[in-house]
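Some notes on the structure that comes next.
Throughout, read-outs are computed from the coordinates displayed, never taken from laboratory work. What you see is a predicted model; the values in this text were computed from it and never measured. FYI the Cβ positions are ideal-geometry reconstructions off the backbone, even for glycines, and counts take in every protein chain you see.
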Amino acid sequence: MSAEFESIVTPVPGPRSRALASELAAYEAPGVTYLGDDYPVFWESASGATVTDVDGNRYLDLTSAFGVAATGHTNPHVASAVAEQAQRLMHGMGDVHPTEVRVKLLLRLSELAPGDLTKSYLSTSGADAIEFALKTALLATGKPRTIAYRGAYHGLSLGALEVVGIEKFRTPFAPLVADRATFLPYPGAETSVESAIGAVRDALDRDPDAGAVLLEPIQGRGGVIVPPDGFLRALRDLCYGRGVLMILDEIYTGFGRTGTMFACERENVVPDLLCVGKALGGGVPLSATIGSARVMDAWPKSTGEALHTSTFLGNPIACAAALANLDEIARLDVPGLVRAQQGLLADRLGGLRTAANVRDVRGRGFLRAVEFGSAEFANRVVVRGLAAGVILLQSGPTGTSITIAPPPTIGGAQLQRALDIFERTVRETVPEEAT
Ligand SMILES: Cc1ncc(COP(=O)(O)O)c(C=O)c1O
């Protein structure tokens with residue numbers, strides 16, 4: 001089998017993955033990695049749309065590893081930029097002595113972001129970018145509360161958890177999570193724009209301390225929920241009218257995944273704050289909160305001690321990686337790659353509607369989901385798919401769906417092959433009670 005495709009040479013997981021799992025179980029905090037008899041495999045290397053594990057098994061990736069691999073895994077241009085930067089300067093001095101590569105990246109982000117979004121704060125995780133946005137909203141509006149959405153995922157640090165709408169992440173830590181958000185149902189395809197906007201209007205009426213509305217333009221981890229056409233535009237207008245900020249979390253949807261550079265561009269929407277992460281660094285941890293000068297200038301000028309910073313602020317390796325990755329996104333035309341193959345992906349997944357146990361198929365561009373009758377069934381498909389050579393990711397607030405988010409650089413034959421395996425797995429998997 002050509003190196004472009006899957007190649008399974010041991011039982012999955014293989015012996016080396018199993019041995020590493022025992023060690024991981026001994027030394028890692030138990031809540032982190034799910035370890036079962038048939039899951040996971042330990043990754044050794046990755047290239048483009050394929051991943052190779054420590055036992056030499058090769059898989060086709062239908063996840064982009066949480067949406068990161070927009071320019072393919074281990075993109076050679078990004079890898080060279082990282083190696084070159086690592087030889088010169090690995091670490092700057094954050095908010096004290098900056099670097100040229102950071103200036104270049106900030107400039108590039110201001111050119112890339114829509115409208116008047118010209119000033120950025122760089123951080124490491126998506127949750128960091130969200131927390132910076134929440135702090136900025138308070139400074140800019142003087143209001144501490146946020147309108148957020150059920151099913152929303154914005155990261156798991158304590159500040160981000162305040163606006164996460166998936167209960168299982170909040171409940172164990174409830175005494176630590178401040179009650180500063182009003183949660184609304186996220187409007188799915190069946191909801192009208194009028195009722196979705198009416199709900200925000202009512203929430204703002206009831207919650208005069210709300211200074212911002214925060215949302216994903218398509219809910220990702222919440223199961224790939226696409227709002228009705230026109231919703232983002234109408235929400236933008238409402239936020240202007242009410243003097244509240246619109247914060248868009250494009251950490252999953254950004255950098256071409258839905259067929260435009262940012263999902264908000266489809267409706268010509270420019271938020272007040274745009275959070276990005278995941279694909280930005282091409283595999284190196286980096287995120288950003290990008291805002292208009294009007295909003296960002298709510299931060300007081302530093303008089304020597306930053307009000308918000310971190311040790312690795314604007315890390316030079318991450319900035320060099322992001323610059324090379326943004327070059328690649330432009331050179332490869334990642335949004336165009338998605339547009340070129342989204343029809344194929346939609347058709348193939350749409351064909352699964354006839355499969356027993358498939359309840360829904362939805363999404364946009366290269367961010368799609370198949371919804372199953374139960375989380376147990378979705379999990380079996382993920383596990384069996386891995387054994388057959390595709391990497392899949394379970395999603396949805398209760399785990400009933402599987403997200404399909406391939407690297408946009410995936411070849412047509414690779415995509416077809418991965419979808420063949422996925423389809424066969426879905427059709428051949430039987431619910432547990434029927435086994
Ligand atoms: C939309 C969205 N926002 C925020 C986050 C959190 O990012 P991180 O895990 O880097 O903190 C994620 C992660 O999946 C996400 O999908």
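Quick rundown of the values:
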read-out: Residue count for region 9-36, restricted to those that are within 28 Å of the chain's Cα centre (by Cα) and in a loop (DSSP other than H, G, I, E, B); value: 10
read-out: Residue match in region 210-223 (condition: farther than 24 Å from M296 by Cα and of a type in the set (D, E)); value: no
read-out: Selection status of A160, outside any strand (DSSP E or B) and touching a helix residue (DSSP H, G or I) at 6+ places or on another chain (Cβ under 6 Å); value: yes
read-out: Residue satisfying all of: in region 293-330; small (G, A, S) and touching a Gly at 6+ places or on another chain (Cβ under 6 Å); surrounded by the most Cβ atoms within 10 Å (Cβ to Cβ) among these; value: A322
read-out: Filter result for L332 (of a type in the set (A, V, I, L, M, F, W, C) and touching a residue at least 60 places away in the same chain (Cβ under 8 Å)); value: yes
read-out: Residue match in region 360-371 (condition: part of a loop (DSSP other than H, G, I, E, B) and in contact with a strand residue (DSSP E or B) (Cβ under 7 Å, 6 or more places away or on another chain)); value: no
read-out: Residue ID - farthest from D272 (Cα to Cα), chosen from residues in region 117-160 that are within 11 Å of the ligand (Cβ to nearest atom) and among the hydrophobic types (A, V, I, L, M, F, W, C); value: L156
read-out: Region 298-329, residues that are among the small types (G, A, S) and in contact (Cβ under 8 Å) with a residue 24 or more places away in the chain; value: A298, S302, A306, S310, G314, A318, A320, A321, A322, A324
read-out: Complete set of residues in region 333-374 that are surrounded by fewer than 21 Cβ atoms within 10 Å (Cβ to Cβ), under 19 Å from D61 (Cβ atoms) and of a type in the set (D, E, K, R); value: R348
read-out: Residues of region 411-427 that turn out to be of a type in the set (A, V, I, L, M, F, W, C) and more than 13 Å from L386 (Cβ to Cβ), as a count; value: 4
read-out: Qualifying residue in region 210-232 (condition: among the small types (G, A, S) and without any contact (Cβ under 8 Å) to a residue 12 or more places away in the chain); value: no
read-out: Members of region 184-215 found to be within 16 Å of the ligand (Cβ to nearest atom) and more than 23 Å from L139 (Cβ to Cβ), listed by number; value: Y186
read-out: Selected residue (only one of A263, A234, A203 is crowded, with 23+ Cβ neighbours inside 10 Å and not β-branched (V, I, T)); value: A263
read-out: Every residue from region 244-274 that is within 12 Å of the ligand (Cβ to nearest atom), outside any strand (DSSP E or B) and more than 18 Å from Q342 (Cβ to Cβ); value: I251
